[in-house]
There are 4 protein chains.
Amino acid sequence: MPLPAEFHDLAKRVNNWGRWGADDEIGTLNLLAPEVVREAAATVRTGRRVPLALPLRQDGVQTGLIPGRINPLHTMTAINQEPFGPGTVATSDDAVTMGLQAGTHWDGLAHVSHSGRLYNGRPAASVTAHGGATALGIEKAPPIVSRGVLLDVARVRPGAAGQPGRLPAQHAVTPEDLDAAEELAGATVRSGDIVLVRTGQMGHYLAGDRDAYAFPSPGLSIRTPEWFHARDVAAVANDTLTFEIFPPEIDGLWMPVHALHLVEMGMIQGQNWNLEELAAVCAEEGRYVFFLAATAEPFVGGSGSPVAPVAVF
Amino acid sequence: MPLPAEFHDLAKRVNNWGRWGADDEIGTLNLLAPEVVREAAATVRTGRRVPLALPLRQDGVQTGLIPGRINPLHTMTAINQEPFGPGTVATSDDAVTMGLQAGTHWDGLAHVSHSGRLYNGRPAASVTAHGGATALGIEKAPPIVSRGVLLDVARVRPGAAGQPGRLPAQHAVTPEDLDAAEELAGATVRSGDIVLVRTGQMGHYLAGDRDAYAFPSPGLSIRTPEWFHARDVAAVANDTLTFEIFPPEIDGLWMPVHALHLVEMGMIQGQNWNLEELAAVCAEEGRYVFFLAATAEPFVGGSGSPVAPVAVF
Amino acid sequence: MPLPAEFHDLAKRVNNWGRWGADDEIGTLNLLAPEVVREAAATVRTGRRVPLALPLRQDGVQTGLIPGRINPLHTMTAINQEPFGPGTVATSDDAVTMGLQAGTHWDGLAHVSHSGRLYNGRPAASVTAHGGATALGIEKAPPIVSRGVLLDVARVRPGAAGQPGRLPAQHAVTPEDLDAAEELAGATVRSGDIVLVRTGQMGHYLAGDRDAYAFPSPGLSIRTPEWFHARDVAAVANDTLTFEIFPPEIDGLWMPVHALHLVEMGMIQGQNWNLEELAAVCAEEGRYVFFLAATAEPFVGGSGSPVAPVAVF
Amino acid sequence: MPLPAEFHDLAKRVNNWGRWGADDEIGTLNLLAPEVVREAAATVRTGRRVPLALPLRQDGVQTGLIPGRINPLHTMTAINQEPFGPGTVATSDDAVTMGLQAGTHWDGLAHVSHSGRLYNGRPAASVTAHGGATALGIEKAPPIVSRGVLLDVARVRPGAAGQPGRLPAQHAVTPEDLDAAEELAGATVRSGDIVLVRTGQMGHYLAGDRDAYAFPSPGLSIRTPEWFHARDVAAVANDTLTFEIFPPEIDGLWMPVHALHLVEMGMIQGQNWNLEELAAVCAEEGRYVFFLAATAEPFVGGSGSPVAPVAVF
């Protein structure tokens, strides 16, 4: 089934192809200009740090539904081994096998294509088995540090009965929701910001229910890419497995937000970010703006990368 | 062969066991106090960012000498797959197998033991095949952001003939070298700092010679842990595979710096950090102090972790 | 909880320690004498072949209950790549990550220990992170070819209502069951034979229900090792995940059959063998004795190995 | 560079497309008819077994030249763990990551394509990242047992000075070499046989020299596929990494034997088989014909598979 006209209309309105040159491979990360980074650092007042990554473990968020995206299998390759003889200093070493997008991660620009194209018109075929993403690989991303803004939609929108702080599964986060959360934040989202959208869905996983976390899931509406495009943000992350509402709002139109962000805008996306402690700290500190450090691991040819983001207040 | 008296003397002088309580699992990362982080952020003036991680790839720095510490094997698990039918949005996914300490990484506190003990007196046996590092795992580390100081020893010490900016392989970096580099930096290393020591050895790998990079290698002298202890730094990283000079200074005493830092002081160490661009930027900007973000990936039970460090000026 | 006296009594009666010398590492595989192999080959009459391995795939029999024993993750590392230039011969390559005991496999002798000991009195500590099973590793096993005998217990014992050909989950296969199946087989189990015990439990997995397959599960009773010991068989395999009845017959005595076979007798065990087609062929051919080829993959230090067994009639 | 006319001429002469139907996915393994298997079993006289697989280990035959084809990384996921509490039966478990064609293996029919086609005209594009070889996968192969014939070319052709029993690196094994070895064998290769061709190259690896083993390497000449086609053998294996002579005989024509065997004939190939002990046993027993069991591990979508072949005399 071809993508509907509605999708193509939205695509045109948010498209960034050519904006940073025909050879650009980093899209909206171009917005992380030195002055943006400098002003982000200037938001630091107390030095309080909040980690946003889930622990990497075999009982991570993956349930087996996405083939190949396996939770980290961590194994020891040496335990207190004495490589230089008995009584000498002993070492322990380890290895891991995991899906690059298994846990808290960034979707890179090569993660999604539509109509045979990746961001900036690159052919979808530039992703190969041998080289991975030979264009738009995650290793091309510059260091990701900027101003972070938490839009705590789960706080400004009533949850299901008995579940304050968690959007219902059928809730598509709309531009109006983002406006309301921005008002709560008391800050205006601006160019180069990294926006963190909290749905509260992570509560399911933290309570031990991976299946409920996975789907159905609240998430971004197809109408939100225009909101992010208008404010010219550098990246968006949230606390769900699917990022956008799932199942989708329009019957048969799957993953439209992925396609708009990654292919049209050239904007990386974060998923499975744990925003629970962050939300509590923001409420406690009375501020929703902070310094965010969230650099991707530079996997050559990676379609994405695990990330250990940190908010600094 | 038991560890010599000289080692035990040094061990006593730098030991931090009990300093942060009997249950402490993070050692000198306790020094990353809010005010330290705040002052670190205050060093940012231009917003210029410098990445310090090597790309993660099959032809990484590992040569096969350390069994199990394999370079990243990156594989695609899906390429432009249309999970919802022909003509829909297509996705590419990938997975990786790698040694946690294969590339640019942190040694966690469980990486090394001696005399049956890990940092803070934990039994070496707390590292198990099933659970990995059940104590002192890298997932216990808090977000790692602080003031970074580059001590460019390769710049202040003459290199081998024809190799300016690279220490000879037999050069053990001494406290005097650190003093000289500190003087060049025009800054005083202080509590909570993360010190980056440049030997220039990375030049071998960047020039395509992995074997020359691996060893023999310049690196820290057994006399430097006292220097770091006196200044109470939070962590130390450098641009070598072995971290300390290798082969070692004292015949038969292997990996003494590892043992002093990780076991006695409870101080994590960074290896395979690419400090070449950083050194150029420091020289150009005329400053060797910056904001450093280098949070570990939270592998549960990890004896270490890949890291993508960023210096912000 | 220490192992009960009942276990130790059985252990004494089936123990083979020292029988093939103090240094022996292959246990009952010593029984695969040339004349046994020769007579096994002599059973071939029609040349009909029956494969007994499950396909190796991500949706294999593992459900995540046994940490680390992951189903095969098969990934392509090259797809129609032309390593020597456009228009030349193209190659596709692949890699796999899997638990060695994830699918149809042999348990090696290092898989289980009790009271600090492996088979033949080897210390349990000879299994290490660095070297794996430094004693009794699966690579020590000689080629495994012998006479196979199918004991189709599922056929001679009534199944649950509506499930002919499948033992109820709470059915412990007893020596009397084996006698009855031997009578059906019209053959006498003898020294060096490899006995395949069919419970029919595999039907659950083949019907798509992994959880029902996993457990509760019928399996061998604690009374059967003596039966196998009396007949001096070389190995035993069946069509379950747990091999022995699970949960166990005696409250608090977990995995006694594993301990008796692997530790006391030094007899490898096969699990997750698909005996459904074999049972049909045996019934059709009117014979339950055949040539069996089931050599382990020689993983150095392996506590087990995948195997692709073949019965030849 | 397009494949030369000489290749296409040979291709026509050995082509088996359509011979076993338009849907066939196993090629010459169709020749393993029941009577072939029966007669193979009838060759067993003494019951002596000879294993032909190299141990699977980190220091296997791969040198890193073929990206992604990594030697087995074997790791313990549990060591003497007591899952049911202290004092109970303890288990050790392990996992592996490896290239499917890293060690002793079969090349499956999907391993090679040319001119956009796999065996039997299947499109090369049927190999995908998500599903692997969706046609011609190694899991389609039936149990591989047949008559094995050792053609000990290294014995009948003089080696380099001082290296009896090893062909020089520049030696392309010709039809005349195979004739001479067949005469030595005192047997006529016939339909359904599996032919093992010994070059002696494995001696390099067994002596610890992986680089010398890898290449340059003796191997099959482009003229041998016709020889195998004329005798209608089921499969061919040898004791080299490259299978065919490498660098190739005809400048710019890379991997022609792979293309003729896998694509044109639909005949799987074995590589890295250890034929040293086998050659000694054949010479000692005075016979070069035996029962061979070499079933592939059924990796779904695999372009090949590790195998642990066994010769039975």
Residues of segment A:251-260 that turn out to be over 13 Å from residue A:8 (Cα atoms) and of a type outside the set (Phe, Trp, Tyr), as a count
4
Can you tell me which residue in segment C:252-299 is modelled with the lowest pLDDT, limited to those that are more than 20 Å from residue C:205 (Cβ to Cβ) and aromatic (Phe, Trp, Tyr)?
C:254
From the residues in segment D:56-69 that are among the β-branched types (Val, Ile, Thr) and open to solvent by 20 Å² or more (accessible area, probe 1.4 Å), which one is farthest from the other protein chains (Cβ to nearest Cβ)?
D:63
Residue C:253 fails exactly one of (1) farther than 30 Å from residue D:96 by Cα; (2) part of a loop (DSSP other than H, G, I, E, B); (3) open to solvent by 10 Å² or more (accessible area, probe 1.4 Å), namely (3)
Is there a residue in segment B:156-175 that is under 30 Å from residue A:55 (Cβ atoms) and within 20 Å of the chain's Cα centre (by Cα)?
no
Would you be able to say whether some residue in segment B:139-161 is touching a helix residue (DSSP H, G or I) at 6+ places or on another chain (Cβ under 9 Å), among the polar types (S, T, N, Q), buried (at least 24 other Cβ atoms within 10 Å of the Cβ) and modelled with pLDDT of 95 or more?
yes
Being open to solvent by 10 Å² or more (accessible area, probe 1.4 Å) and more than 7 Å from chain D (Cβ to nearest Cβ) is the filter; apply it to segment C:26-35 and report the residue that is farthest from residue D:147 (Cα to Cα).
C:26
Taking residue D:11 as the residue in question, decide whether it is aliphatic (A, V, I, L, M), in contact with a Lys or Arg (Cβ under 9 Å, 6 or more places away or on another chain) and within 13 Å of chain C (Cβ to nearest Cβ).
no
Answer yes if at least one residue in segment C:13-24 is in a helix (DSSP H, G or I), free of Cβ contacts under 8 Å to residues at least 40 places away in the same chain and out of contact with any Asp or Glu (no Cβ under 7 Å at 6 or more places or on another chain), and no otherwise.
no
Mind counting the residues in segment A:91-150 that are assigned to a strand (DSSP E or B) and small (Gly, Ala, Ser)?
8
Give me the residue from segment B:8-19 that is open to solvent by less than 20 Å² (accessible area, probe 1.4 Å) and not small (Gly, Ala, Ser) and, out of that set, farthest from residue A:312 (Cα to Cα).
B:10
Can you say whether residue A:60 is closer than 30 Å to residue A:252 by Cα, in contact with a Pro (Cβ under 9 Å, 6 or more places away or on another chain) and outside any strand (DSSP E or B), as far as the supplied structure shows?
yes
Select from segment D:113-130 the residues that are away from chain B (no Cβ under 14 Å) and among the polar types (S, T, N, Q) and write down the one among them that is least open to solvent (accessible area, probe 1.4 Å).
D:113
When segment C:25-57 is checked residue by residue, the ones that are under 30 Å from residue D:304 (Cα atoms), part of a helix (DSSP H, G or I) and more than 20 Å from the chain's Cα centre (by Cα) are C:41
Give the number of residues within segment A:88-102 that are of a type in the set (Gly, Ala, Ser), closer than 22 Å to residue A:271 by Cα and at the interface with another protein chain (Cβ under 7 Å from one of its Cβ atoms).
1
Single residue of C:46, C:75 found to be surrounded by fewer than 20 Cβ atoms within 10 Å (Cβ to Cβ) and hydroxyl-bearing (Ser, Thr, Tyr)
C:46
From B:22, B:110, B:5, residue being among the hydrophobic types (A, V, I, L, M, F, W, C) and open to solvent by less than 10 Å² (accessible area, probe 1.4 Å)
B:110
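Listed here are the residues, each with its yes/no results for (1) within 14 Å of another protein chain (Cβ to nearest Cβ); (2) surrounded by fewer than 24 Cβ atoms within 10 Å (Cβ to Cβ).
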site	(1), (2)
C:209	no, yes
C:213	no, yes
C:222	yes, yes
C:237	no, no
C:248	yes, yes
C:267	no, no
C:270	no, no
C:292	yes, no
C:306	yes, no
Condition first: open to solvent by 10 Å² or more (accessible area, probe 1.4 Å) and under 14 Å from residue B:301 (Cα atoms). Now tell me which residues in segment B:78-107 satisfy that.
none
Does residue A:190 count as charged (D, E, K, R), closer than 30 Å to residue A:251 by Cα and at pLDDT 95 or above?
no
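Matching residues to (1) in contact (Cβ under 8 Å) with a residue 60 or more places away in the chain; (2) touching an Asp or Glu at 6+ places or on another chain (Cβ under 8 Å); (3) facing another protein chain (nearest Cβ under 7 Å):
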residue	(1), (2), (3)
A:54	yes, no, no
A:73	no, no, yes
A:78	no, yes, yes
A:86	no, no, no
A:104	yes, no, no
A:109	yes, yes, no
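The values are calculated or read from the model by the stated rules, or taken from the named source; none is laboratory data. The model shown is predicted, which means the values in this text are computed figures rather than measured ones. In this analysis, Cβ positions are derived from the backbone assuming ideal geometry, glycine residues included, and neighbour counts consider all displayed protein chains. Quick note on the areas: whole protein, heavy atoms, side chains included, nothing else; ligands and nucleic acids left out. Shrake-Rupley method; radii C 1.70, N 1.55, O 1.52, S 1.80 Å.
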